[in-house]
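**Student:** The structure follows.
Only the coordinates and a few stated rules stand behind these numbers; no lab work does. Every value quoted in this text rests on a predicted model; they were computed, and no experiment measured them. Reconstructed Cβ throughout: ideal geometry from the backbone, glycine too, with neighbour counts over all protein chains shown.
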């Protein structure tokens with residue numbers, strides 16, 4: 001085996017005991033969960049925004065960004081539910097590049113998984129304590145979910161992971177909304193099958209235990225566009241695309257149709273400024289079609305303090321070191337526009 005076993009990492013329980021969540025913060029997280037889940041069950045007609053940096057690269061800038069969202073939240077609370085993105089694990093298409101705070105709590109230093117585990121827990125805890133937000137993260141590694149399970153209110157499963165058995169089974173054992181992205185090739189049946197699997201109960205191996213899940217009725221679709229065999233990006237956020245997804249849900253026998261639409265990635269061709277136009281088109285389409293308005297529960301938007309992206313070594317505060325993001329001023333205006341148009 002061509003691996004060096006460097007050290008055994010602490011279990012999720014051990015890390016949680018090192019950095020425990022207070023009763024007050026646990027109660028706040030519960031309140032957030034109820035508000036978010038009400039959107040997916042149809043008890044609330046508010047619109048969800050899963051919004052934030054492509055990757056959480058540094059604690060100070062991420063908390064600064066989220067504190068800005070907290071100020072806006074109070075002004076749009078009657079229309080919108082805001083869930084900040086704190087994405088601490090990043091999938092890499094070729095395996096190269098920054099893999100997120102879990103791997104490198106300091107992007108300019110060597111990987112250190114122990115420091116990373118502690119850094120991501122402290123970051124999510126500070127976000128909850130300082131702003132009242134329990135946030136979203138990508139479940140890149142299913143076995144790592146429990147390090148943050150008491151603080152997350154939303155989980156996304158990425159386009160490269162959605163067909164993986166362990167991701168699907170783990171999602172079936174969560175009690176928060178889990179968004180399944182369509183795969184990079186765009187095959188909606190793969191995503192629909194993942195949703196079906198996550199909604200069913202299963203018995204499987206998880207972190208060395210035989211576990212039994214109850215199924216997760218809050219699992220749902222995320223449309224993020226796709227890339228064809230020639231490497232060209234294609235969107236799937238248009239009216240006809242969403243109508244086709246609703247039909248695919250029905251053919252699979254799925255009730256409680258829910259979809260979040262990602263305004264970046266292949267939907268924008270990673271042209272981050274297009275997110276503004278795309279968001280407004282989606283809102284318009286939902287407004288003219290009652291069935292679509294009922295099914296489209298929200299948007300996923302990549303934004304940060306500064307427009308665009310940079311190389312790691314540039315070290316500019318609040319600017320993405322992975323995919324380009326919408327800057328703060330444009331983000332603020334977009335959030336107000338979405339609230340007004342809803």
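**Student:** Sort the stretch 128-222 into rounded, prolate or oblate with this rule: let a ≥ b ≥ c be the square roots of the eigenvalues of the Cα gyration tensor; rounded if a/c is under 1.5, and if a/c is not under 1.5, prolate when a/b is larger than b/c, oblate otherwise.
**Tutor:** The shape class here is oblate.
**Student:** In addition: What distance in nm separates the simple spin-label points at residue 165 and residue 77, each placed 7 Å from Cα in the Cβ direction?
**Tutor:** 4.7
**Student:** Could you give the alpha-carbon Rg of the stretch 185-294 over 2.2 N^0.38 Å, rounded to two decimals?
**Tutor:** My calculation over the Cα atoms of the stretch 185-294 gives 1.23.
**Student:** Of all DSSP beta bridges in the stretch 140-239, what percent run antiparallel (nearest 5)?
**Tutor:** Looking only at bridges with both residues in the stretch 140-239, the antiparallel portion is about 45 percent.
**Student:** If each residue's Cβ is checked for other Cβ atoms within 10 Å, how do 209, 328 rank with the fewest at the top?
**Tutor:** 209, 328
**Student:** If you don't mind, there's one more thing I want to ask. If each of residue 330 and residue 27 carries a label point 7 Å out from its Cα toward its Cβ, how far apart are those two points in nm?
**Tutor:** Inter-label distance under the simple model: 4.2 nm.
**Student:** Also, I was wondering about something else. Can you tell which of 158, 97, 116 shows the greatest fluctuation in a Gaussian network model of the chain with Cα springs below 10 Å?
**Tutor:** 97
**Student:** Using helices alone, what [θ] at 222 nm do you get for the chain, with -39,500 (n - 2.57) per DSSP H run of 4 or more residues, divided over all residues and rounded to the nearest 500?
**Tutor:** Here the helix-only value at 222 nm equals -12000 deg cm²/dmol.
**Student:** While we're looking at this one, here's another question. For each of 44, 153, 109, count neighbouring Cβ atoms within 10 Å of the residue's Cβ, then give the residues from fewest to most.
**Tutor:** Ordered by Cβ neighbours within 10 Å, fewest first: 109, 44, 153.
**Student:** With springs only between Cα atoms under 10 Å apart, run a GNM on the chain and tell me which of 157, 120, 72 wobbles the most.
**Tutor:** Answer for the Gaussian network model of the chain: 72.
**Student:** Based on the Kirkwood radius over alpha-carbon pairs, what value in µm²/s does the Stokes-Einstein equation return for the translational diffusion coefficient of the stretch 114-165 at 4 °C and 1.567 mPa s?
**Tutor:** 110
**Student:** Would you look at the GNM of the chain, springs on alpha carbons closer than 10 Å, and say which of 166, 104, 13 moves the most?
**Tutor:** 13
**Student:** Further question on the same structure: Set the Förster radius R0 to 51 Å, insert the Cβ-Cβ distance between residue 207 and residue 281 as r into 1/(1 + (r/R0)^6), and round the FRET efficiency to 0.05.
**Tutor:** Calculated value: 0.75.
**Student:** Further question: Calculate the FRET efficiency for residue 44 and residue 64 from the Cβ-Cβ distance with a Förster distance of 30 Å, rounded to the nearest 0.05.
**Tutor:** Efficiency for this residue pair is about 0.55.
**Student:** Also: Could you give the length gained on full extension between residue 110 and residue 96, defined as 0.36 nm per residue of separation minus the Cα-Cα distance, in nm?
**Tutor:** Using 0.36 nm per residue and subtracting the Cα-Cα distance, I get 3.7 nm.
**Student:** Which distance in Å, rounded to a whole number, links the C-alpha centroids of the stretch 267-342 and the stretch 192-207?
**Tutor:** Result: 31 Å between the Cα centres.
**Student:** Using only Cα atoms, what Kirkwood radius does the chain have, in angstroms?
**Tutor:** Value: 20.2 Å, from the Cα pair sum.
**Student:** In what order do 40, 5 fall by count of nearby beta-carbon atoms within 10 Å, going from fewest to most?
**Tutor:** Fewest-to-most Cβ neighbours within 10 Å comes out as 5, 40.
**Student:** Between the stretch 158-182 and the stretch 28-101, what's the alpha-carbon centroid distance in Å?
**Tutor:** Measuring centre to centre over Cα atoms gives 18 Å.
**Student:** Moving on to the next point. Just the number, please: percent antiparallel of the DSSP beta bridges in the chain, rounded to the nearest 5.
**Tutor:** 20
**Student:** A further question on this structure: Tell me, what is the FRET efficiency for residue 189 and residue 2 to the nearest 0.05, using R0 = 41 angstrom and their Cβ-Cβ distance as r?
**Tutor:** In this case the efficiency is close to 0.70.
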